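The values are calculated or read from the model by the stated rules, or taken from the named source; none is laboratory data. As the structure is a prediction and not an experimental result, all values here were calculated from the model. Glycine also receives a Cβ, built like all others from the backbone with ideal geometry; neighbour counts cover every protein chain displayed. These accessible areas exclude ligands, DNA and RNA; they are computed on the full protein's heavy atoms, side chains included. Shrake-Rupley method; radii C 1.70, N 1.55, O 1.52, S 1.80 Å.
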Amino acid sequence: MKLSDFDFELPDTLIATRPVRPRSAARLCLVEGDEIRDLHVGDLVDLLGPGDRLVLNDTKVLPARLAGTRARATGQGDAVARIEVTLLEPRPDGTWATLVKPLRKLKEGEHIRFSDRLSAVVARIEEGQAELDFNLSDEEFDAALAEAGDMPLPPYIAAMRAPDDQDRQDYQTVFARRAGAVAAPTASLHFDDELLARLAAKGVSFTHVTLHVGAGTFLPVKVEDVATHKMHAEWGEVTDEAADEINATHAAGGRVIPVGTTALRLIESAAGADGQVRPWRGPTDIFIYPGYAFRVTDGLMTNFHLPKSTLLMLVSALMGVERMRRVYDHAVAEGYRFFSYGDASLLLPERRNPATPGRDRA
């Protein structure tokens with residue numbers, strides 16, 4: 001496969017910069033086999049039922065974007081320069097890998113002040129990143145970060161507007177509980193407590209897994225031969241309980257449908273060749289593109305993705321390249337809203353007879 005196989009024209013007017021409200025009012029493009037239907041996220045209650053299990057990523061997005069100042073010497077004496085920092089991931093030694101603007105003039109040992117409570121020293125600079133040693137840790141760090149930081153909106157939204165207090169709610173799932181992500185599992189943003197309760201009343205089951213989404217999710221693919229792309233690694237966990245729930249669903253003939261590509265990548269990482277999911281804890285750099293044989297995934301709820309992105313390659317692996325081209329042509333023509341704050345799709349590779357419960361294995 002070539003990178004150009006995953007390109008398409010997207011009008012800027014279809015890039016969503018705010019979510020719809022309520023969350024479940026977003027549009028939902030249902031793709032069952034070759035059939036495409038235009039619905040809304042709230043219609044999931046009619047599309048799913050007993051035997052179906054949704055896999056939800058319970059990662060919590062950190063307010064990882066910080067504005068700070070650094071003192072620097074000039075010919076006229078000391079001056080204060082502004083600096084922007086985006087947290088990427090913690091290192092084993094307690095420092096944080098970060099992206100810094102501007103990085104060019106930053107030096108190891110410099111002190112950066114973010115607030116009266118939060119500051120850091122530049123420990124290392126390498127490979128286009130700075131590792132910062134913060135003055136606080138654990139709960140104290142989390143509290144100070146919550147006060148000083150902004151939500152790390154994706155680059156295509158941040159280029160259109162600055163983050164604000166509303167994003168602290170909008171860019172977080174209602175079931176977020178394990179802090180560590182610097183990007184949201186955006187398909188999950190469509191769920192609110194009412195929709196979850198209605199799905200549960202229909203007999204839909206839920207399993208929580210954790211994949212801390214990293215900033216690498218927005219990195220462009222720079223190679224024309226897709227197979228040579230190196231995927232970024234992200235930390236995740238599938239507990240014993242989660243693995244047992246997923247395996248039990250399949251044993252009973254039910255469907256396992258991850259919500260978001262992050263949940264999908266994690267459960268596929270944890271699945272063996274026999275289709276059994278095993279407990280998993282650690283980094284995964286699984287790269288799913290056409291030709292991949294899915295081991296545990298029966299469908300996927302996901303948003304509409306960037307041209308030439310690894311996420312578009314993933315959904316094309318699940319549904320087929322030509323089919324996804326038709327779906328994206330339809331979405332553009334019908335004015336669906338794209339990317340993190342945009343609308344959703346429910347992708348089911350095979351069409352199921354409504355009279356037949358459980359999982360199609362055609």
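Considered as a group, the residues in the stretch 1-53 that are within 23 Å of the chain's Cα centre (by Cα) and among the hydroxyl-bearing types (Ser, Thr, Tyr) include one that is least open to solvent (accessible area, probe 1.4 Å), and that residue is 24. For the stretch 103-132, the candidate set comprises residues that are of a type in the set (A, V, I, L, M) and open to solvent by less than 30 Å² (accessible area, probe 1.4 Å); within that set, the residue that is modelled with the lowest pLDDT is 106. Just one of the numbered conditions (1) under 27 Å from residue 48 (Cα atoms); (2) open to solvent by 10 Å² or more (accessible area, probe 1.4 Å); (3) touching a strand residue (DSSP E or B) at 6+ places or on another chain (Cβ under 7 Å) is not true of residue 210: (2).
Pick from the stretch 228-284 the residues that are among the hydroxyl-bearing types (Ser, Thr, Tyr) and touching a residue at least 24 places away in the same chain (Cβ under 8 Å): which of them is most open to solvent (accessible area, probe 1.4 Å)? Among residues in the stretch 228-284 that are among the hydroxyl-bearing types (Ser, Thr, Tyr) and touching a residue at least 24 places away in the same chain (Cβ under 8 Å), the one most open to solvent (accessible area, probe 1.4 Å) is 239. Taking the listed residues 158, 146, the one that is open to solvent by 30 Å² or more (accessible area, probe 1.4 Å), modelled with pLDDT under 90 and within 27 Å of residue 21 (Cα to Cα) is 158, with no other qualifying. Any residue at all in the stretch 287-302 that's at pLDDT 95 or above, farther than 23 Å from residue 351 by Cβ, open to solvent by 10 Å² or more (accessible area, probe 1.4 Å) and under 21 Å from the mean Cα position of the chain (by Cα)? Yes, that holds for at least one residue.
Selection of the stretch 87-108 for residues being part of a loop (DSSP other than H, G, I, E, B) and more than 12 Å from residue 122 (Cβ to Cβ) yields 91, 92, 93, 94, 102, 104.
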